[in-house]
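What follows is a set of notes on a single structure, which appears directly below.
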Amino acid sequence: MQFGWNRKRRKLRDKAGLPFESAGGSVSLEEDGTPNLFSLTSGANYVPSEEALKQSLEIQAEGNTQAENGLFREALKRWERALDLTPERAVLHELKAQVLLEMDAVWQAVRSAKKATEFDPEWSEGFITLGRAHFNYGEPELAAENFQRALQLDACNSIAQEELDTVRLYILRRKELADKGEIVTGTRFSVLTPAHQVEHGQPEQPPLSGNAA
């Protein structure tokens, strides 16, 4: 048995939950009609200069287009450039995590998604992506915690609830197999591919299949 992030639901999003065509986030205006810089940052305390933010948004949009076209490495390069200008924009770290998951670079996705939640701890989408990353890394308990946090921030988020239900089913099934002595408890199991574990010098682990690890 193998559980993983359903690729049919693997629609890439930006901060506003929109496809990559969006430049990133909703924009509120000051009284004089100029953009409110804070509304574009997706960071709790970080307000970049107007010019830096403008360039960051333009480069982010280029990366969005690359990602929508499946050019994930090119998208990552664009977002890294944007991060050089605005390093605390949570949305850029979250976008990186999404693409890293698409590339099955799961551990790197965990790290990027974690940064997104650190820079914007009130943004539910960041915790959803972090939950998916932990789940695909074979850490369902941590995934569940992050989906629960997303629901605390946005109780009506149906995606977070659906993901949480999936993870809870996985944990329950794993416990049932452990109780039967068919798996070893306390072992990390691969949810998708174990390639990232081999790449990082970790021993390859079999998927959860009813056989002893």
(request) Answer yes or no as to whether Glu68 is surrounded by fewer than 16 Cβ atoms within 10 Å (Cβ to Cβ), in contact with a Phe, Trp or Tyr (Cβ under 9 Å, 6 or more places away or on another chain) and not aliphatic (A, V, I, L, M). (result) yes
(request) Would you point out the residue of the stretch 157-201, among those that are at pLDDT below 50 and part of a helix (DSSP H, G or I), that is nearest to the chain's Cα centre (by Cα)? (result) His196
(request) Would you mention how many residues in the stretch 40-70 are touching a Gly at 6+ places or on another chain (Cβ under 9 Å) and at pLDDT 90 or above? (result) 5
(request) State yes or no: is Pro19 assigned to a loop (DSSP other than H, G, I, E, B) and modelled with pLDDT of 90 or more? (result) no
(message) in a helix (DSSP H, G or I), at pLDDT 90 or above and touching a Gly at 6+ places or on another chain (Cβ under 7 Å): is that true of Glu145 in this structure?
(response) no
(request) For Leu12, indicate whether it is buried (at least 17 other Cβ atoms within 10 Å of the Cβ), at pLDDT below 90 and outside any helix (DSSP H, G or I). (result) yes
(message) On the basis of being modelled with pLDDT of 85 or more and under 17 Å from Ala97 (Cα atoms), does Val110 make the cut?
(response) yes
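The values are calculated or read from the model by the stated rules, or taken from the named source; none is laboratory data. Just so we're clear, the structure is a prediction, and the values are computed from it rather than from any experiment. All Cβ positions, glycine included, derive from the backbone under ideal geometry; neighbour counts span all protein chains shown.
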